1. Consider Asp218 against the criteria (1) crowded, with 20+ Cβ neighbours inside 10 Å; (2) away from the ligand (no atom under 15 Å from the Cβ); (3) of a type outside the set (Lys, Arg): it satisfies all of them except one. Which criterion is unmet?
2. Modelled with pLDDT of 95 or more, within 14 Å of the ligand (Cβ to nearest atom) and of a type outside the set (D, E, K, R): is that true of Ala279 in this structure?
3. Does any residue of segment 279-290 turn out to be within 17 Å of Ser203 (Cα to Cα), in contact with a Ser or Thr (Cβ under 8 Å, 6 or more places away or on another chain) and surrounded by 24 or more Cβ atoms within 10 Å (Cβ to Cβ)?
4. Those residues that are among the aliphatic types (A, V, I, L, M) and surrounded by 21 or more Cβ atoms within 10 Å (Cβ to Cβ), I need them from segment 189-203; list them, please.
5. Pick from Val126, Val183, Val142, Val158: which is of a type in the set (A, V, I, L, M, F, W, C), over 20 Å from Val240 (Cβ atoms), in contact (Cβ under 8 Å) with a residue 12 or more places away in the chain and out of contact with any Leu (no Cβ under 8 Å at 6 or more places or on another chain)?
6. I'd like the full set of residues that are out of contact with any helix residue (DSSP H, G or I) (no Cβ under 8 Å at 6 or more places or on another chain) and within 16 Å of the ligand (Cβ to nearest atom), limited to segment 190-211.
7. How many of the residues in segment 243-262 are touching a strand residue (DSSP E or B) at 6+ places or on another chain (Cβ under 7 Å), of a type in the set (D, E, K, R) and within 16 Å of the ligand (Cβ to nearest atom)?
8. From (1) within 16 Å of the ligand (Cβ to nearest atom); (2) touching a residue at least 12 places away in the same chain (Cβ under 8 Å); (3) over 15 Å from Pro2 (Cβ atoms), pick out the condition that doesn't hold for Val167.
Amino acid sequence: MPEIGMDLNRFILEEERRFPDATGSLSMALMAIETAAKVIASHTRMAGLVDILGKADKVNVQGEEVQKLDEFSNEALITILGDSGQFYALASEEEDDPVFPEKGKNGKYIIAFDPLDGSTNIEVNVSIGTSFSIYKKLNGTVEDFLQGGDKQIAAGYVIYGSSTVFVYTTGSDVNGFTLDPSVGLFLLSHPSIKIPEKGKIYSVNESNAGGWDQKLRDYFESLKNSGYTSRLIGTMIADVHRTLLKGGIFAYPADEKNKNGKLRALYEVLPMGLLIEKAGGMATDGEKDILQVKPTDIHQRIPIFLGSKSEIYSLMKAL
Ligand code: AFP
């Protein structure tokens, strides 16, 4: 078991040593994400100030043009991941089509990300995040992003909350690192995360319940009647982070209006599914294991139910 407080870079390199054939490319890819996360985290801390300055004259204290945080995060990721040379292609929630970075021509990997999840929570100072999912480059076309959740090489998220936490898996354990802003290092704070077998919280936007299937309404009613409490942050990454640590269920189901739910398969649902399953939980679209889902489009939406085994088993029985 790695020691608490280990720096993320050292952790990544020690993981790499376990694979004698590793070229170091995945390690460099992960370190590039880490760098982007630090840049976004430090900018996030300035959100109120940047907005004030932005409204005044659109120029910040460094004399640079002020950008909205989500645009800033998107550009930071595209620049830093593109320059790392490890990624042949990048797919972002903010871009209609994948970006093929000039320096990534020999990149072994492709990456999909949501640069800033929960952007409507920014101005009310509630947790926001970045999610990512890495695949091997195959033919170098957009199809490479549609390999399916079980082909993910690594997945993770960064939550910018009361502290900044970087959680990721390369397919074995799930580990979490908290940013120590005084030294600018992510330090191991949540080694080998295991989701509780059963929780006490359900997390779903109940204002959509009128458009749910009756069986689903009954399921959430049954949770209420058996002592569950409700929590909804409205930033998927924050709701999943809590579910990972405390157990229970998080869902964004389909409803009458949103036939495929709201969340995006490639860079929201599938990476969260991998993390939850590798931590010992379960994730489904209501019919099958979420990792069996092969998106047909990079921005496709799918329903998601994820969490502790106990809640997902009882959900599957109820549906
Ligand atoms: P924003 O980025 O527009 O705030 O959306 C956040 C999000 O995609 C996801 O993080 C939440 O779980 C979900 O939307 C909340 O959606 P509802 O407001 O429909 O519940």
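The values are calculated or read from the model by the stated rules, or taken from the named source; none is laboratory data. This is a predicted model, so every value here is computed, not measured. Cβ atoms come from the backbone with ideal geometry, glycine included; neighbour counts cover every protein chain shown.
1. Evaluating Asp218 over (1) crowded, with 20+ Cβ neighbours inside 10 Å; (2) away from the ligand (no atom under 15 Å from the Cβ); (3) of a type outside the set (Lys, Arg) leaves (1) as the failure.
2. So Ala279 fails the test.
3. Checking segment 279-290: at least one residue is within 17 Å of Ser203 (Cα to Cα), in contact with a Ser or Thr (Cβ under 8 Å, 6 or more places away or on another chain) and surrounded by 24 or more Cβ atoms within 10 Å (Cβ to Cβ).
4. Result: Ile195, Ile201.
5. Details: Val126 fails: over 20 Å from Val240 (Cβ atoms); Val183 fails: in contact (Cβ under 8 Å) with a residue 12 or more places away in the chain; Val158 fails: over 20 Å from Val240 (Cβ atoms).
Only one candidate qualifies: Val142.
6. Listed by number, the residues that qualify are Asn205, Ser207, Asn208, Gly210, Gly211.
7. Result for segment 243-262: 1.
8. (3)
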